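Student: Following this message is one structure expressed as structure tokens.
FYI, it's all coordinate maths here, none of it is from the lab. Because the structure is a prediction, the values reported are computed rather than measured. Glycine also receives a Cβ, built like all others from the backbone with ideal geometry; neighbour counts cover every protein chain displayed.
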Amino acid sequence: MKYNIKVKFHEDFVKVDGTNILIGLKSNPEKGEANKELIKKIAQHFDVHSSRIKILSGFKSKNKIVEIL
């Protein structure tokens, strides 16, 4: 399933509304750290292994498209 992700920094939350997810990240968007935290939080929320989550687009953006396999 594909989800549209919007990221807010310096906060810690996950809100799911259908295929839209608003997520707060504590990590800085440097060297992929924020993307790693994003994958970890989504995996915990949906109770799946992090290897089943792929960022399809938006690697360097606050708006991303993520697929959960």
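Student: Specify which residue in the list 10, 42, 32 is farthest towards the positive end of the charge dipole of the chain, using unit charges on the beta carbon of Lys, Arg (+1) and Asp, Glu (-1), about the Cα centre.
Tutor: The residue sitting most towards the positive pole is 32.
Student: Using bins 10 angstrom wide from zero, how does P(r) for the chain break down, in % of all Cα pairs?
Tutor: Whole-percent P(r) values from 0 Å outward: 22, 64, 14.
Student: Out of the chymotrypsin sites (Phe, Trp or Tyr not before Pro) in the chain, which ones are loop residues according to DSSP with at most 16 other C-beta atoms within 10 Å?
Tutor: 59
Student: Helix-derived [θ] at 222 nm for the chain: sum -39500 (n - 2.57) over DSSP H runs of at least 4, divide by residue count, nearest 500?
Tutor: -6500 deg cm²/dmol
Student: So between residue 14 and residue 65, what do we pick up on full extension, going 0.36 nm a residue minus the alpha carbon distance?
Tutor: 16.8 nm
Student: With a point put 7 Å past each Cα toward its Cβ, work out how far residue 6 is from residue 56 in nm, to one decimal.
Tutor: Distance between label points: 1.9 nm.
Student: To continue, here is another question. Counting only DSSP beta bridges with both residues in segment 2-68, tell me the antiparallel percent, nearest 5.
Tutor: In segment 2-68, approximately 70 percent of DSSP beta bridges are antiparallel ones.
Student: A follow-up question, please. Which is the longest part of the chain that has none of the GluC sites (Glu not before Pro) sitting in a DSSP loop with at most 13 other Cβ atoms within 10 Å?
Tutor: In the chain, the maximal stretch lacking such sites is 31-69.
Student: Same structure, new question: For the chain, the longest stretch holding no trypsin sites (Lys or Arg not before Pro) located in a DSSP loop with at most 15 other Cβ atoms within 10 Å is which?
Tutor: The segment 32-59 is the longest one with no such site.
Student: Let me know the charge dipole size of segment 2-68 about its Cα centre in debye, to the nearest 20, where only the beta-carbon of Lys, Arg (+1) and Asp, Glu (-1) is charged.
Tutor: Value, rounded to 20: 180 debye.
Student: Just to check I understand the Karplus step: with θ = phi - 60° and J = 6.51 cos²θ - 1.76 cosθ + 1.60, what whole-Hz values come out for segment 40-45, glycine and proline as x?
Tutor: Rounded to whole hertz, the list is 4, 5, 5, 4, 5, 5.
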